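Visitor: Below is the structure I would like to discuss, written out as structure tokens.
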Amino acid sequence: MKIWLLTILPLILIVSSASYARTVEVEVYGMTCAFCVDNLTRQFNKMESVSKVDVSLKLKKIHLETDEELPTIETINQAIIDAGFTPVKVTILPDEKE
Ligand SMILES: [Cu+2]
């Protein structure tokens, strides 16, 4: 009985975290080089609710993968301002996993 629980529990955790994951797209003004990308990546890596950061210099966009707890738009905007850039638009993308 206990062994059965130990096997099923991690599976439940994986499924539930996947269904709550969200992607947030942020348009940023002022990115010009690889240092800007690095700066912004580090800024968002500090956030506990962000599991993955993908900064595109070409598109001037940041993709954030978040846990069930979504960072607020204010928090995202502030992080960009703190890194020295201007937030343009924050979009919460619909779940593409289904
Ligand atoms: Cu730069």
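Laboratory data are not the source of any read-out in this text; all were calculated from the coordinates shown. Not measured: the values here are computed from a predicted model. Here the Cβ positions follow ideal geometry from the backbone for every residue, glycine too, while neighbour counts run over all protein chains shown.
Visitor: Using a simple spin-label model with points 7 Å from Cα along the Cα→Cβ vector, what separation in nm is obtained for Asp67 and Phe35?
Guide: 3.4 nm
Visitor: Given the convex hull of the Cα atoms of region 21-93, what is a quarter of its surface area in nm²?
Guide: 4.0 nm²
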